[in-house]
Amino acid sequence: MATSSILTELVIEDPKKAEAFINALEMSSQDPVCSPSAPSIPILDSVEDIRRFLERKNK
């Protein structure tokens, strides 16, 4: 469902609207504001780290 809107052909016939659209795309790519929607996943290297992590999850 979401990919259908991405694959839709976009036709802009007015040169001013086309330029405004291109400028908006360029501005949005210059300084993207992204924040993770979920907390970062910890990398657990040792058995003790895994045990501590699982103990906190089970409480």
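Please go through (1) modelled with pLDDT under 90; (2) open to solvent by less than 100 Å² (accessible area, probe 1.4 Å) for residue 47 and return the number of the only condition it doesn't satisfy.
Result: residue 47 passes all but (1).
Which one is modelled with the highest pLDDT among residues in the range 3-34 that are assigned to a loop (DSSP other than H, G, I, E, B) and open to solvent by 100 Å² or more (accessible area, probe 1.4 Å)?
Looking at residues that are assigned to a loop (DSSP other than H, G, I, E, B) and open to solvent by 100 Å² or more (accessible area, probe 1.4 Å), I get 13.
The values are calculated or read from the model by the stated rules, or taken from the named source; none is laboratory data. In this text the structure is predicted, and so the values were computed from the model without any measurement. These area figures cover heavy atoms from the full protein model, side chains too; ligands, DNA and RNA do not enter into them. Shrake-Rupley method; radii C 1.70, N 1.55, O 1.52, S 1.80 Å.
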